[in-house]
Amino acid sequence: MDFDDGKFSNLASPPQHIYKNLTNLSQQHDVHLQATSQYGCYDDTTVTIEVYPYIYAKFTLDRPAICSDELFTIDRSSSAGAINHYYWDYEDDGTTDEDKTDCSV
């Protein structure tokens with residue numbers, strides 16, 4: 001298997017492969033698989049995958065301490081890489097509390 005990023009695997013079940021994209025743009029990679037059976041039969045396929053930019057998330061609140069019912073503002077101006085879709089988990093419980101599609105938070 002050719003992962004199209006300089007990495008290869010000859011294993012029957014290749015391990016998980018992680019792509020790195022530290023740019024501000026999406027990158028495409030053509031993953032190529034070649035297989036040969038024990039009887040010499042051969043086939044191959046190529047799948048193009050898209051690797052999204054790395055997201056550097058840095059958020060600040062407009063006030064260091066608030067009560068639970070008070071409104072606050074999140075400033076994400078120091079963040080980079082996120083295109084236009086955010087999922088918020090305010091309670092840190094692994095559940096998405098809000099789906100925000102506006103770039104300006």
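Any read-out appearing in this document is the output of simple, stated calculations on the displayed coordinates, not a laboratory observation. All values reported here derive from a predicted model rather than from experimental measurement. Using ideal geometry, Cβ is built from the backbone for each residue, glycine included, and neighbour counts are taken over all protein chains shown.
Would you mind computing, in nm to one decimal, how far apart the modelled labels at Cys41 and Thr73 are, each placed 7 Å from Cα along Cα→Cβ?
Distance between the two pseudo-spin positions: 6.5 nm.
Considering all projection directions equally, how large on average is the shadow of the alpha-carbon convex hull of the stretch 1-54, in square nanometres? Before the final figure, lay out the partial values.
On the way: hull surface 15.9 nm².
Its average projected convex-hull area is 4.0 nm².
In nm, to one decimal, how far is the Thr23 label point from the Arg63 one, both placed 7 Å along Cα→Cβ?
Roughly 4.4 nm, to one decimal.
Neighbouring Cβ atoms within 10 Å as the yardstick, rank Ser9, Ser37 fewest first.
Numbers: Ser9 13, Ser37 8.
With the fewest neighbours first, Ser9, Ser37 line up as Ser37, Ser9.
Given R₀ = 41 Å, FRET efficiency for Thr96-Met1 by Cβ-Cβ distance, to 0.05?
Details: r = 33 Å, r/R0 = 0.82.
About 0.75, to the nearest 0.05.
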